[in-house]
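Below is one structure, written out as structure tokens, with a few remarks after it.
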Amino acid sequence: MVDAREAVARAHRAEWARVVATLTRRFGDLDVAEEAAAEAFATAVERWPSDGVPPSPGAWLTTTATRKAIDRLRRESKRDDKHKEARLVHDDDPPEPAGALEDERLRLIFTCCHPALALDSRVALTLRLVGGLTVPEIARAFLVQETAMGRRITRAKAKIKAARIPYRVPSAADLPARVSGVLTVLFLVFNEGYLATGPGTDPVRQDLTAEAIRLTRLLRALLPEDGEVAGLLALMLLTEARRAARVSPGGDLIALDEQDRGTWDAALIAEGHRLVRERLATGQAPGRYQILAAINAVHTSARDFRDTDWSQIVALYDQLVRLDPSPVVALNRAIAVAELEGPAVGLAAVDGLGDKLAGYHPYHATRAELLRRLDRVDESRAAYDKAIELAGNTAETAHLTRRRDQLG
């Protein structure tokens, strides 16, 4: 039984987006596709432990989900039943043109990221339908309530249906204007894999980081001259290169200054550095992802944490703040300032963000570390307590608890 349930979990990670995309293409309805896919996976949970895992889990799930969708549409049909049933059973429609890329998930991403939708709705919907994230996981990524996120996703699906948004990769002329929303989606999918928000999930979800990198490589092939696509790919590669060093055997998150850099993936670092250098050589003003990639290139160039060029990192954050003056970017800049100018200067910058980041656990974790360095033990402990209360990932909670308990 355990093996069968693990097989369902693996199939969900590998097949969810493909099943949803296949049903969306056939039935033209995201609600139908998502609900039928969910029912198929629920059926697998019930049947695979007793019947055994099928030889082709993906095909089984797609066939089961298709039958579920047909059953639902038949039940809901109120007019022209015979004609609709014939279409559902025989499915004689000719296949749509493959478009620029033959990848169902990429079609689904561009459908969910259509400019008719608000940007936050595009991202949330795609994380749900393509990334397979749960509504609570997406809500945590957006720092909003779960009920509000559920309503947002429902409204986005209704908008796609009402506006008859097509299920296809945009034409070459439309791609540049459409890609920014897709990059945002892929970045959030990668981040959820890099440090999963759910307390019951693995701290690092390699399936999500691998899928985000795969889809970003597809976009890079489609838009080889787009600097932000290259920047996001470089950022992902340089971050993924450190994955093996990020969690201890005991399940604790390992901070950057404590990581064994000998375990970093040299090939991914080399590829990421090459992409950063290529973009610098163009002489074009960098965008957000290119700057973030450059920051990570500085980090991964240092043989030891003490060798990090913090002045260069602060200068890069200065550029980033002009493009993205968000409190999260300001927090990360303050962390770099603390390394360059000392914890007191960094703490002053961090404290100025309290009103905007009170519910954001990295804010409290950062304060805890800086207060620790200033020997303000009681205040540091209180900040650790708040960070632990807000953190969702078990590895991060374990790390923060260990650091707090070391205060004595």
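The values are calculated or read from the model by the stated rules, or taken from the named source; none is laboratory data. As the structure is a prediction and not an experimental result, all values here were calculated from the model. Cβ atoms come from the backbone with ideal geometry, glycine included; neighbour counts cover every protein chain shown. Heavy atoms of the whole protein, side chains included, go into the accessibility calculation; ligands, DNA and RNA do not. Shrake-Rupley method; radii C 1.70, N 1.55, O 1.52, S 1.80 Å.
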Practice problem: Name the single residue, out of those in segment 212-227 being within 20 Å of GLU192 (Cβ to Cβ) and at pLDDT 90 or above, that is least open to solvent (accessible area, probe 1.4 Å). | Solution: THR216
Quiz item: How many of the residues in segment 359-408 are of a type in the set (Lys, Arg) and over 19 Å from GLY251 (Cβ atoms)?
Solution: 6
Quiz item: Taking segment 272-295 on its own, how many of its residues are outside any helix (DSSP H, G or I) and open to solvent by 60 Å² or more (accessible area, probe 1.4 Å)?
Solution: 3
Quiz item: Which of the residues belonging to segment 226-262 are in a loop (DSSP other than H, G, I, E, B) and touching a helix residue (DSSP H, G or I) at 6+ places or on another chain (Cβ under 9 Å)?
Solution: ASP226, ALA241, ARG242, ARG246, SER248, GLY250, GLY251, ASP252, ILE254, ALA255, GLN259, ASP260
Practice problem: Say whether the condition of being outside any helix (DSSP H, G or I) and either open to solvent by 10 Å² or more (accessible area, probe 1.4 Å) or at pLDDT 85 or above (or both) is met by at least one residue in segment 133-142. | Solution: yes
Quiz item: Are any of the residues in segment 172-182 within 30 Å of GLU225 (Cβ to Cβ), charged (D, E, K, R) and in contact with a Lys or Arg (Cβ under 7 Å, 6 or more places away or on another chain)?
Solution: no
Exercise. May I ask you to verify whether ALA177 is touching a residue at least 60 places away in the same chain (Cβ under 8 Å), part of a helix (DSSP H, G or I) and surrounded by fewer than 22 Cβ atoms within 10 Å (Cβ to Cβ)?
Key: yes
Exercise. Kindly provide the set of residues from segment 296-318 that are in a helix (DSSP H, G or I) and either in contact (Cβ under 8 Å) with a residue 60 or more places away in the chain or open to solvent by 70 Å² or more (accessible area, probe 1.4 Å) (or both), ordered by number.
Key: ASN296, ALA297, HIS299, THR300, SER301, ARG306, ASP307, GLN312
